[in-house]
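Before any comments, here is the structure.
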Amino acid sequence: MDRDHILKRLSFRAWHRGTREADYLIGGFFDARSAGWSDDEIVWFERLLDEDDVDVMAWAIGTQPVPEAFAGPMMQAMQGLDYIPNPGTDNFRSH
């Protein structure tokens, strides 16, 4: 599978999580950061998508410790939460 196809599939999965909060957190992170990802970072994100949304969100906002498999620069970037638009001032992406 080529990189563009993989990224399109991951985008769909990132934006169709089941709750609006998870969509914005995970989908917003994907949209903001995926363009520059290495192959290893793509694999990391794909594994993250297999985890429960409740866990991913808890890791991202710091209410649960991040498992070793997901600790590192990618999770730190997700924890920055600077990629989620503010509905009062930013344009929201509608999915």
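The values are calculated or read from the model by the stated rules, or taken from the named source; none is laboratory data. The shown structure was predicted, so the numbers you read here are calculated from the model rather than taken from an experiment. In this analysis, Cβ positions are derived from the backbone assuming ideal geometry, glycine residues included, and neighbour counts consider all displayed protein chains.
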Completion exercise
Of the candidates Arg17, Arg33, Arg9, the one satisfying the condition of being among the basic types (Lys, Arg), part of a helix (DSSP H, G or I), touching a residue at least 12 places away in the same chain (Cβ under 8 Å) and out of contact with any Leu (no Cβ under 6 Å at 6 or more places or on another chain) is Arg33
Exercise for the section: For Phe70, state whether it is among the aromatic types (Phe, Trp, Tyr) and either exposed (fewer than 15 other Cβ atoms within 10 Å of the Cβ) or more than 19 Å from Gly80 (Cα to Cα) (or both). Expected result: no
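Hey, could you check the range 1-53 for residues that are of a type in the set (Val, Ile, Thr) and under 22 Å from Val66 (Cα atoms) and say which is surrounded by the most Cβ atoms within 10 Å (Cβ to Cβ)?
Ile26
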Practice task
Go through the residues of the range 60-67 one by one and say whether even a single one is in a helix (DSSP H, G or I) and touching a Phe, Trp or Tyr at 6+ places or on another chain (Cβ under 9 Å).
Solution key: yes
Problem - Unique residue being modelled with pLDDT under 95 and part of a helix (DSSP H, G or I) when the list is Asp55, Asp40, Asp23, Asp82 - result: Asp23
Fill in the blank from the handout: Here the qualifying pairs (Cβ atoms under 9 Å; residues six or more apart or on different chains; first in the range 40-68 and at positive phi; second surrounded by fewer than 16 Cβ atoms within 10 Å (Cβ to Cβ)) come out as Gly62/Gln79
Exercise for the section: Output the residues belonging to the range 1-20 that are modelled with pLDDT of 95 or more, among the small types (Gly, Ala, Ser) and under 20 Å from Ala58 (Cα atoms). Expected result: Ala14
Practice task
Kindly establish whether Leu48 is assigned to a helix (DSSP H, G or I), in contact with a helix residue (DSSP H, G or I) (Cβ under 7 Å, 6 or more places away or on another chain) and at pLDDT below 95.
Solution key: no
